[in-house]
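Asker: First, the structure itself, so that you have it in front of you.
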Amino acid sequence: MTKIAPSILSADFAQLSKEIRDVEEGGADYIHVDVMDGHFVPNITIGPLIVDAIRPHTSLPLDVHLMIENPDQYIPAFAEAGASIITVHQEVIPHLHRTIQLIKDSGAKAGVVINPATPVEMVRDILNDVDLVLLMTVNPGFGGQSFIPQVVHKIEQIDAWRKANQLNLEIEADGGINRDTIRQCTDAGADVLVAGSAIFKQADRKQAISNLLQASER
Ligand code: DX5
Ligand code: ZN
């Protein structure tokens, strides 16, 4: 079953609870929360305060994507605020296993993310320990960028390792996902598809989600 995770980065921040309700009623599976620090990525977005504020407004898991340096410093605060899944970028973490353990100890599910130019081998030795692998299909920092098709083979590779080792993890793709690009990801083995502009920039979010699901069908 393909899961859809609308990214609130493209939502109207002045009406966040209404926006989240809209996609929850429209059939979303997770709410994707993009956290940016102006250091790891050239943009600044939200912190634990906003996660805490939206938590009571949805029963869906909050999928918190940390695009920040020193994630260890903030993981407990995001977990405390109500993050259900916390994903961290391999590129900024010197002791990945320790950070994944910290997420789990904080009570959230743990995931690792890699950028489009990072080789998939960089996460191979952590697959046993994570609940989710997120493959960036754009360079992180902004919504509305174009899908990078060279990432698709990495989805296939994680799926192959997952099957070979009978691992219980989800594969998520994030960036430039729309009706034209979603199918390549689901065919390759992606289970969770993040979409910002393809959902929040549409007037009818329920229709947007069902269009994505329809386009993803294998
Ligand atoms: C990019 C973020 C994405 C972004 C996706 O840095 O991680 O989650 O919101 O937006 P779209 O779907 O518009 O590419
Ligand atoms: Zn994201």
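Asker: Of everything in the stretch 186-201, what is away from ligand 1 (no atom under 11 Å from the Cβ) and crowded, with 17+ Cβ neighbours inside 10 Å? Give them in sequence order.
Answerer: The answer is T186, A188, G189, A190, D191, V192.
Asker: So, one more: Any idea which of A53, A108 is more than 12 Å from the chain's Cα centre (by Cα), buried (at least 23 other Cβ atoms within 10 Å of the Cβ) and among the small types (G, A, S)?
Answerer: Answer to the selection: A108.
Asker: If you take the residues of the stretch 56-77 that are under 17 Å from the mean Cα position of the chain (by Cα), hydrophobic (A, V, I, L, M, F, W, C) and over 16 Å from L96 (Cα atoms), which of them is nearest to ligand 1 (Cβ to nearest atom)?
Answerer: V64
Asker: I'm trying to understand the selection: among the residues of the stretch 133-175, which are touching a Ser or Thr at 6+ places or on another chain (Cβ under 6 Å) and within 11 Å of ligand 2 (Cβ to nearest atom)?
Answerer: L134, G143, A173, G175, listed by residue number.
Asker: Moving on. Could you check, for the stretch 21-33, whether at least one of its residues is under 16 Å from the mean Cα position of the chain (by Cα), closer than 17 Å to A173 by Cα, among the hydroxyl-bearing types (S, T, Y) and surrounded by 16 or more Cβ atoms within 10 Å (Cβ to Cβ)?
Answerer: Yes - at least one qualifying residue is present in the stretch 21-33.
Asker: Just give me the residues in the stretch 105-124 being free of Cβ contacts under 8 Å to residues at least 24 places away in the same chain and either outside any loop (DSSP other than H, G, I, E, B) or touching an Asp or Glu at 6+ places or on another chain (Cβ under 6 Å) (or both), in sequence order.
Answerer: D105, E121
Asker: Considering only residues of the stretch 125-140 that are of a type in the set (D, E) and either touching a helix residue (DSSP H, G or I) at 6+ places or on another chain (Cβ under 6 Å) or without any contact (Cβ under 8 Å) to a residue 24 or more places away in the chain (or both), which is surrounded by the fewest Cβ atoms within 10 Å (Cβ to Cβ)?
Answerer: Top of the filtered list is D125.
Bear in mind that the values in this text are calculations on the coordinates, not laboratory data. Bear in mind the structure is a predicted one, so any value in this text is a computation, not a measurement. Note that each Cβ is placed from the backbone with ideal geometry, even for glycine, and that neighbours are counted across all protein chains shown.
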